[in-house]
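One structure is given below, encoded as C-alpha coordinates.
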Amino acid sequence: MHRPFSGYRNIVVLTGAGVSVASGLRPFRGPDGVWTEFNVEEYGHVDALSTQPDKMWQLLGPLRAMSSAARPNAAHRALADFEAALKPDQRFLLVTQNVDGLHQRARSKNVAELHGNIHRTICSAGCGLPMFDDTRSYFESVPRCPHCGAVLRPDIVLFGEPVAVNASWKAKKALRDCDLFLAIGTSGLVSPASNFVRAAQYAGAHTVYVNLEPLALPNHEFAQTILGRAEDLLPRLLTH
(Lines give C-alpha, C1' and ligand atoms only; values in the text may rest on other atoms or scores of the structure.)
Protein backbone atom coordinates (compact mmCIF):
# COMPACT_ATOMS: atom_id res chain seq x y z
CA MET A 1 0.00 0.00 0.00
CA HIS A 2 1.49 3.32 -1.11
CA ARG A 3 1.42 6.33 1.17
CA PRO A 4 -0.77 9.35 0.20
CA PHE A 5 0.79 11.54 -2.45
CA SER A 6 0.88 14.41 0.04
CA GLY A 7 3.27 12.38 2.19
CA TYR A 8 6.24 12.75 -0.16
CA ARG A 9 8.87 15.47 0.21
CA ASN A 10 10.13 16.16 -3.33
CA ILE A 11 7.33 15.92 -5.87
CA VAL A 12 7.61 16.33 -9.63
CA VAL A 13 4.49 16.29 -11.80
CA LEU A 14 4.57 16.08 -15.60
CA THR A 15 1.39 17.04 -17.45
CA GLY A 16 0.36 16.71 -21.07
CA ALA A 17 -2.59 17.47 -23.31
CA GLY A 18 -4.90 15.04 -21.48
CA VAL A 19 -5.08 17.46 -18.56
CA SER A 20 -6.60 20.18 -20.76
CA VAL A 21 -9.10 18.10 -22.74
CA ALA A 22 -11.88 18.82 -20.22
CA SER A 23 -11.26 22.53 -20.81
CA GLY A 24 -12.24 22.04 -24.44
CA LEU A 25 -8.72 21.92 -25.86
CA ARG A 26 -7.95 19.16 -28.32
CA PRO A 27 -4.74 17.15 -28.10
CA PHE A 28 -2.39 17.07 -31.08
CA ARG A 29 -2.41 13.28 -31.33
CA GLY A 30 -5.30 10.82 -31.33
CA PRO A 31 -8.57 10.38 -33.26
CA ASP A 32 -9.76 13.97 -32.68
CA GLY A 33 -6.30 15.50 -32.55
CA VAL A 34 -5.21 18.66 -34.33
CA TRP A 35 -2.92 16.54 -36.48
CA THR A 36 -5.94 15.08 -38.27
CA GLU A 37 -6.72 18.51 -39.80
CA PHE A 38 -3.35 20.21 -40.16
CA ASN A 39 0.10 19.18 -41.25
CA VAL A 40 1.41 20.23 -37.85
CA GLU A 41 4.95 19.02 -38.50
CA GLU A 42 5.14 21.30 -41.55
CA TYR A 43 3.13 24.37 -40.47
CA GLY A 44 4.48 24.19 -36.92
CA HIS A 45 8.12 23.75 -37.96
CA VAL A 46 10.68 26.47 -37.32
CA ASP A 47 11.38 26.62 -41.08
CA ALA A 48 7.81 27.84 -41.65
CA LEU A 49 8.81 31.17 -40.07
CA SER A 50 10.76 32.00 -43.22
CA THR A 51 9.01 29.90 -45.87
CA GLN A 52 5.29 30.11 -45.01
CA PRO A 53 4.60 32.23 -41.90
CA ASP A 54 0.99 32.60 -43.00
CA LYS A 55 0.52 28.83 -42.68
CA MET A 56 2.16 28.87 -39.26
CA TRP A 57 -0.28 31.50 -38.01
CA GLN A 58 -3.21 29.63 -39.64
CA LEU A 59 -2.29 26.77 -37.33
CA LEU A 60 -1.25 28.63 -34.19
CA GLY A 61 -3.65 31.59 -34.31
CA PRO A 62 -6.76 29.44 -33.74
CA LEU A 63 -4.93 27.48 -31.03
CA ARG A 64 -4.21 30.76 -29.27
CA ALA A 65 -7.84 31.80 -29.58
CA MET A 66 -9.08 28.47 -28.20
CA SER A 67 -6.61 28.58 -25.32
CA SER A 68 -7.66 32.13 -24.46
CA ALA A 69 -11.31 31.09 -24.32
CA ALA A 70 -10.64 27.95 -22.26
CA ARG A 71 -10.92 27.82 -18.49
CA PRO A 72 -9.03 25.65 -15.99
CA ASN A 73 -10.84 22.42 -15.17
CA ALA A 74 -10.95 20.25 -12.07
CA ALA A 75 -7.57 18.66 -12.90
CA HIS A 76 -5.81 22.04 -13.05
CA ARG A 77 -7.49 23.18 -9.85
CA ALA A 78 -6.65 19.96 -7.99
CA LEU A 79 -2.96 20.35 -8.83
CA ALA A 80 -2.96 23.99 -7.73
CA ASP A 81 -4.75 23.16 -4.47
CA PHE A 82 -2.37 20.25 -3.82
CA GLU A 83 0.67 22.51 -4.23
CA ALA A 84 -0.83 25.25 -2.06
CA ALA A 85 -1.48 22.81 0.80
CA LEU A 86 2.05 21.37 0.96
CA LYS A 87 4.20 22.05 4.00
CA PRO A 88 7.19 24.42 3.91
CA ASP A 89 9.68 21.52 3.92
CA GLN A 90 8.07 19.92 0.84
CA ARG A 91 9.16 20.79 -2.68
CA PHE A 92 6.93 20.70 -5.75
CA LEU A 93 7.54 21.29 -9.44
CA LEU A 94 4.86 21.10 -12.12
CA VAL A 95 6.47 20.44 -15.51
CA THR A 96 4.05 20.83 -18.38
CA GLN A 97 4.22 20.05 -22.07
CA ASN A 98 1.14 22.23 -22.59
CA VAL A 99 1.38 25.76 -23.96
CA ASP A 100 -2.11 26.90 -22.91
CA GLY A 101 -1.16 28.57 -19.60
CA LEU A 102 -4.09 26.96 -17.78
CA HIS A 103 -1.98 25.74 -14.87
CA GLN A 104 -0.99 29.30 -14.01
CA ARG A 105 -4.55 30.50 -14.45
CA ALA A 106 -5.58 27.83 -11.93
CA ARG A 107 -3.00 29.44 -9.56
CA SER A 108 -0.25 26.83 -9.77
CA LYS A 109 2.92 28.60 -8.67
CA ASN A 110 5.99 26.53 -9.51
CA VAL A 111 5.48 25.71 -13.19
CA ALA A 112 8.12 24.85 -15.80
CA GLU A 113 6.81 25.15 -19.37
CA LEU A 114 8.84 22.79 -21.55
CA HIS A 115 7.22 23.98 -24.77
CA GLY A 116 6.64 27.64 -23.91
CA ASN A 117 3.38 29.58 -23.69
CA ILE A 118 1.18 30.42 -26.65
CA HIS A 119 -0.07 33.61 -24.98
CA ARG A 120 3.32 35.33 -25.34
CA THR A 121 4.74 36.81 -28.55
CA ILE A 122 8.39 37.29 -29.51
CA CYS A 123 10.37 38.42 -32.55
CA SER A 124 11.55 35.49 -34.67
CA ALA A 125 14.82 37.30 -35.38
CA GLY A 126 15.64 37.86 -31.70
CA CYS A 127 16.28 41.52 -32.36
CA GLY A 128 15.78 42.59 -28.75
CA LEU A 129 12.06 43.28 -28.84
CA PRO A 130 10.87 42.38 -25.32
CA MET A 131 8.61 39.34 -25.12
CA PHE A 132 5.04 40.44 -24.43
CA ASP A 133 1.70 38.95 -23.42
CA ASP A 134 -0.54 38.68 -26.46
CA THR A 135 -4.00 37.22 -27.12
CA ARG A 136 -4.32 38.33 -30.75
CA SER A 137 -4.70 35.54 -33.31
CA TYR A 138 -3.60 37.48 -36.41
CA PHE A 139 -6.17 35.87 -38.68
CA GLU A 140 -5.95 38.62 -41.30
CA SER A 141 -2.22 39.09 -41.79
CA VAL A 142 1.17 37.91 -40.56
CA PRO A 143 2.38 40.19 -37.72
CA ARG A 144 5.75 41.89 -38.10
CA CYS A 145 8.21 43.15 -35.53
CA PRO A 146 7.94 46.94 -35.08
CA HIS A 147 11.72 47.09 -34.52
CA CYS A 148 13.20 45.02 -37.35
CA GLY A 149 10.31 43.86 -39.56
CA ALA A 150 10.85 40.14 -38.96
CA VAL A 151 7.90 37.80 -38.43
CA LEU A 152 6.45 37.77 -34.92
CA ARG A 153 5.80 34.33 -33.45
CA PRO A 154 4.26 32.78 -30.36
CA ASP A 155 6.76 32.00 -27.60
CA ILE A 156 6.43 28.25 -28.02
CA VAL A 157 8.80 25.50 -29.10
CA LEU A 158 8.29 24.71 -32.78
CA PHE A 159 9.27 21.47 -34.46
CA GLY A 160 12.99 21.58 -35.16
CA GLU A 161 13.73 23.56 -31.99
CA PRO A 162 14.99 22.36 -28.59
CA VAL A 163 12.75 22.61 -25.55
CA ALA A 164 13.00 25.69 -23.35
CA VAL A 165 16.44 25.55 -21.70
CA ASN A 166 15.45 27.02 -18.34
CA ALA A 167 12.39 24.80 -17.98
CA SER A 168 14.39 21.70 -18.91
CA TRP A 169 17.10 22.61 -16.40
CA LYS A 170 14.56 23.09 -13.61
CA ALA A 171 12.96 19.74 -14.39
CA LYS A 172 16.25 17.84 -14.42
CA LYS A 173 17.36 19.49 -11.18
CA ALA A 174 14.09 18.59 -9.43
CA LEU A 175 14.22 15.01 -10.68
CA ARG A 176 17.59 14.41 -9.04
CA ASP A 177 15.98 14.60 -5.58
CA CYS A 178 12.52 13.40 -6.55
CA ASP A 179 10.73 10.86 -4.36
CA LEU A 180 7.35 11.04 -6.17
CA PHE A 181 6.92 11.41 -9.93
CA LEU A 182 3.47 11.69 -11.53
CA ALA A 183 2.97 11.70 -15.31
CA ILE A 184 -0.57 12.88 -16.00
CA GLY A 185 -2.41 13.07 -19.32
CA THR A 186 0.64 12.44 -21.46
CA SER A 187 1.88 9.61 -23.62
CA GLY A 188 5.37 10.33 -22.36
CA LEU A 189 6.77 9.63 -25.81
CA VAL A 190 8.23 13.05 -26.64
CA SER A 191 11.81 13.79 -25.60
CA PRO A 192 13.00 15.01 -23.14
CA ALA A 193 9.85 14.26 -21.14
CA SER A 194 10.14 10.62 -22.20
CA ASN A 195 13.31 10.39 -20.10
CA PHE A 196 11.82 11.88 -16.93
CA VAL A 197 10.41 8.66 -15.51
CA ARG A 198 13.79 6.97 -15.94
CA ALA A 199 15.50 9.80 -14.07
CA ALA A 200 12.88 9.67 -11.31
CA GLN A 201 13.19 5.92 -10.95
CA TYR A 202 16.99 6.24 -10.79
CA ALA A 203 16.54 8.73 -7.92
CA GLY A 204 14.44 6.14 -6.09
CA ALA A 205 11.09 7.87 -6.60
CA HIS A 206 7.69 6.25 -6.61
CA THR A 207 6.58 6.64 -10.25
CA VAL A 208 2.93 6.89 -11.25
CA TYR A 209 1.29 7.01 -14.70
CA VAL A 210 -2.15 8.66 -14.77
CA ASN A 211 -3.92 8.71 -18.12
CA LEU A 212 -7.14 7.87 -19.92
CA GLU A 213 -5.47 5.02 -21.79
CA PRO A 214 -2.59 2.70 -20.92
CA LEU A 215 0.81 3.16 -22.52
CA ALA A 216 0.99 1.69 -26.01
CA LEU A 217 4.13 -0.14 -24.94
CA PRO A 218 4.44 -1.20 -21.30
CA ASN A 219 6.99 0.84 -19.38
CA HIS A 220 8.22 -0.96 -16.30
CA GLU A 221 9.79 2.25 -15.00
CA PHE A 222 6.28 3.24 -13.88
CA ALA A 223 5.56 1.45 -10.63
CA GLN A 224 1.86 2.32 -10.65
CA THR A 225 -0.71 2.98 -13.38
CA ILE A 226 -4.05 4.70 -12.74
CA LEU A 227 -6.46 4.91 -15.68
CA GLY A 228 -9.24 7.44 -16.07
CA ARG A 229 -9.93 11.07 -16.84
CA ALA A 230 -7.57 13.50 -15.12
CA GLU A 231 -10.42 15.82 -14.11
CA ASP A 232 -12.13 12.91 -12.34
CA LEU A 233 -9.08 11.28 -10.78
CA LEU A 234 -6.94 14.17 -9.54
CA PRO A 235 -9.41 15.76 -7.08
CA ARG A 236 -9.52 12.37 -5.33
CA LEU A 237 -5.89 11.30 -5.70
CA LEU A 238 -4.46 14.62 -4.53
CA THR A 239 -6.61 15.03 -1.44
CA HIS A 240 -4.40 15.77 1.57
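Some observations on this one:
- Pairs, first more than 14 Å from residue 160 (Cβ to Cβ) in the range 46-57, second part of a helix (DSSP H, G or I) and of a type in the set (Val, Ile, Thr), C-beta under 9 Å, six or more apart: none
- Residue match in the range 185-203 (condition: in the same structural domain as residue 13 (by TED's automatic domain parsing), farther than 13 Å from residue 13 by Cα, over 14 Å from the mean Cα position of the chain (by Cα) and among the charged types (D, E, K, R)): yes
- Condition check for residue 227: at negative phi and crowded, with 19+ Cβ neighbours inside 10 Å: no
- Conditions (1) modelled with pLDDT under 90; (2) not assigned by TED's automatic domain parsing to the domain that holds residue 15; number of the one not met by residue 133: (1)
- Qualifying residue in the range 110-127 (condition: within 16 Å of residue 57 (Cβ to Cβ) and hydroxyl-bearing (Ser, Thr, Tyr)): yes
- Only listed residue being modelled with pLDDT under 95 and exposed (fewer than 13 other Cβ atoms within 10 Å of the Cβ), chosen from 128, 149: 128
Rundown of residues vs (1) surrounded by 19 or more Cβ atoms within 10 Å (Cβ to Cβ); (2) under 20 Å from residue 43 (Cα atoms), yes/no style:
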residue: 118; (1), (2): yes, yes
residue: 121; (1), (2): yes, yes
residue: 133; (1), (2): no, no
residue: 137; (1), (2): no, yes
residue: 142; (1), (2): no, yes
residue: 153; (1), (2): yes, yes
residue: 156; (1), (2): yes, yes
residue: 160; (1), (2): no, yes
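- Looking at the range 80-161, the strands (runs of 3 or more DSSP E) lying wholly inside it that each contain 3 or more residues that are in contact (Cβ under 8 Å) with a residue 24 or more places away in the chain sit at 91-96, 116-123, 152-156.
- Put simply, of 211, 166, 219 the only residue that is among the polar types (S, T, N, Q) and surrounded by fewer than 13 Cβ atoms within 10 Å (Cβ to Cβ) is 166.
The values are calculated or read from the model by the stated rules, or taken from the named source; none is laboratory data. Treat the numbers as computed from the prediction; the structure is a model and nothing was measured. Don't worry about glycine lacking a Cβ; one is built from the backbone with ideal geometry, like all the others, and counts go over all protein chains shown.
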